[in-house]
1. Just to check your reading of the model, which residue among LYS311, LYS298 is of a type outside the set (Ser, Thr, Tyr) and under 18 Å from the mean Cα position of the chain (by Cα)?
2. Which pairs do you get when a residue that is assigned by TED's automatic domain parsing to the domain that holds VAL279 and under 20 Å from GLU59 (Cβ atoms), found in segment 139-163, comes within reach of a residue that is surrounded by fewer than 17 Cβ atoms within 10 Å (Cβ to Cβ) and hydrophobic (A, V, I, L, M, F, W, C), reach meaning Cβ atoms under 6 angstrom, with the pair 6+ apart or on two chains?
3. Looking only at segment 400-444, which residues are of a type in the set (Val, Ile, Thr), modelled with pLDDT of 95 or more and outside any loop (DSSP other than H, G, I, E, B)?
4. Please name all residue pairs, on different chains or six or more residues apart, with Cβ atoms under 9 Å, provided the first residue is in segment 216-228 and is assigned by TED's automatic domain parsing to the domain that holds ILE188 and of a type in the set (Ser, Thr, Tyr) and the second residue is assigned to a loop (DSSP other than H, G, I, E, B) and surrounded by 10 or more Cβ atoms within 10 Å (Cβ to Cβ).
5. Report, by residue number, each residue of segment 339-366 that is outside any helix (DSSP H, G or I), over 21 Å from the mean Cα position of the chain (by Cα) and β-branched (Val, Ile, Thr).
6. Considering only residues of segment 101-124 that are in contact with an Asp or Glu (Cβ under 7 Å, 6 or more places away or on another chain) and among the aliphatic types (A, V, I, L, M), which is surrounded by the fewest Cβ atoms within 10 Å (Cβ to Cβ)?
7. Is it the case, given these coordinates, that ILE172 is touching a residue at least 40 places away in the same chain (Cβ under 8 Å) and either assigned to a loop (DSSP other than H, G, I, E, B) or within 26 Å of ASN348 (Cα to Cα) (or both)?
8. Does ILE73 satisfy the condition of being touching a Pro at 6+ places or on another chain (Cβ under 8 Å), farther than 19 Å from GLY132 by Cα and not assigned by TED's automatic domain parsing to the domain that holds SER271?
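The values are calculated or read from the model by the stated rules, or taken from the named source; none is laboratory data. None of the values given here were measured: they were computed from a predicted structure. Neighbour counts are summed over all protein chains in view; Cβ atoms, including those assigned to glycine, are modelled from backbone coordinates with ideal geometry.
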Amino acid sequence: MGAGESGVGAALLAKAKGLDPFVSDSGSIKEFYKNVMKENGIEYEEGKHSLEIILQSDEVIKSPGIPDNVPVIEALIKNNINVISELEFAYRYTDAKIIAVTGTNGKSTTTLLIYHLLKNSKIKVGLAGNIGNSFAKQVIDSNIDVYVIEISSFQLDGLKDFKADVGVLLNITPDHLDRYDNDFSKYIDSKIRVANNQTENDAFVFNYDDLEIKEKMQNGDFKGIHYPFTITSQLEKGAHLIEDDLHFNIGREKKVLSSSIIPIRGDHNLSNTMAAILVSLIVGAEFSQIVAAIPSFKNAPHRMEVVCDIKGVSFINDSKATNVESALKALQCYNQITWIAGGIDKGNDYGLITETVQKNVKALVCLGKDNRKLMESFTDIIEDIFETNDVNEAVKIAFDHTDEGGIVLLSPACSSFDLFDNYEHRGDSFKEAVGKYKYEIEQN
C-alpha cells in the first residue's frame with residue numbers, strides 16, 4: 001500500500017523472492033514508478049484501494065505515511081491480515097549489520113554523516129530508510145556489509161522482528177502528535193522502539209542530555225550496550241565535550257577530536273557528530289579515517305543550506321525544519337535574523353522559542369495560508385511582522401528588511417503542505433526565488 005520509493009521497492013523485493021505483489025495507491029502514482037512496475041510485471045492500481053483485492057493478501061506492506069486509523073487498515077486488522085513496514089519486510093532478506101537512527105530532529109544529518117564516515121573508512125555501506133533508495137530494493141542484489149537507516153516514528157510503528165545492531169536515539173521533542181492522539185507519551189514510546197529486540201551484544205547510542213530519553217533509560221529494560229553522548233556532562237563511557245574538544249571512549253583507547261574541524265554549525269550538530277563518530281567506532285572504523293573524513297562532510301539539502309549572498313545579506317535554506325524544536329536550533333546559530341516561517345501548524349508551542357526569537361530575530365515574514373497563530377505568538381516580541389503566501393514576495397520583503405551583514409533564514413517550524421508538495425519543494429522554491437531576485441538586483 002503506497003507506490004512511492006518504499007512501496008515500489010518492497011514490491012520489487014517481493015517479486016525477486018518469488019512472491020506475487022500487488023501495489024495499491026489511493027493517490028496518483030508517479031510515471032517513473034509506473035514504468036518500473038510495468039517493466040517488472042507488477043500489477044498496480046491508483047486512485048483507490050480495492051478492498052476485495054487487498055483483503056485477499058497474505059500480508060500487507062504499508063507506507064509509513066498511511067495512518068492506522070483509516071478504513072482499509074482497520075479492515076485488514078479486523079481480518080487478521082499482518083500489516084508491516086517496508087523496513088520489516090526487507091530485514092528478513094539481509095544479513096548485513098543494521099544501524100538504525102531516529103530522533104525528532106537531526107536524523108538526516110546524523111545518518112548522512114555516519115554514511116560519509118563509514119564510506120570513507122572503506123566499509124561497504126548502504127544508505128536507506130527515510131533517506132536514499134528503498135532498503136528493500138537495495139537488499140535484492142547487494143554486497144553491503146552495513147546499512148545506515150534513518151527511521152521515522154511512523155516507520156518504527158510498523159516494526160515487529162526488525163532489530164538494530166546499533167540503535168541511535170538523538171532526541172525526543174513533541175512532533176506529529178496528531179498521529180498519536182495528541183499524547184506525547186505515545187510518541188515517546190514510538191521513538192524508543194528503535195531499541196526493541198536488541199540483545200546484550202548490540203549497541204544503543206543515545207543522547208544523555210535529553211530528559212525524556214534519560215528517564216526512559218533509567219526506568220526501562222534495554223539489553224544493548226549503552227553508549228551515551230553529552231555536551232553538558234563528563235562520562236566514563238561514550239562521548240562528551242570538554243571546552244572545544246570531543247572525547248570518545250567505547251571501552252578501548254580514548255580518542256579526542258577538536259570541534260574546530262566540524263563543518264556543521266550549532267550545539268545540536270556537536271551532539272549529532274558525537275553520535276555519528278560513536279557509531280562509526282562501534283562498527284570498526286579507524287579513528288584516523290574518521291578525522292580525515294569529517295571536514296569534507298556536506299549536509300543534506302534544505303538543512304542549514306547556504307543559498308547565496310545578496311549585497312551583504314546571507315540567505316539560508318532550512319526548509320527541513322518542520323517543527324519548533326528544529327527551527328530553534330537554526331535560530332540559535334545566528335543573530336540579526338529576518339525569519340521566514342509558517343505553513344501548517346502541528347500544534348506548535350512557540351513559547352519554547354520566545355527567548356531566542358527576542359534575542360536574535362529582527363523581523364518575521366509569515367509564509368503560509370493561515371498565519372494567525374504565528375503572528376499572534378510574536379506580535380509583542382517582533383516589531384516588523386509581514387505575511388504572504390508567495391515565496392517570491394517573501395524573499396523580497398525579507399531582503400528589504402535585513403541590514404547588511406544580516407541573515408534571511410527560512411526555517412518554517414511548520415509542515416509545507418498548504419503551499420508546497422513537501423519541504424523539498426518549499427526549499428527548492430525558496431532557492432529559486434532567491435536566485436531570481438539576486439539576478440534582478442544585479443541587472444539593476
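1. It is LYS298.
2. Correct list of pairs: ILE140/ALA16.
3. Scanning segment 400-444 gives ILE407, VAL408, VAL434.
4. Going by the 9 Å Cβ cut-off, the qualifying pairs are TYR227/LYS237; TYR227/ILE250.
5. VAL361, VAL365, listed by residue number.
6. Selected residue: ILE123.
7. Yes: the conditions hold for ILE172.
8. Yes; evaluated as a whole, the condition is true for this residue.
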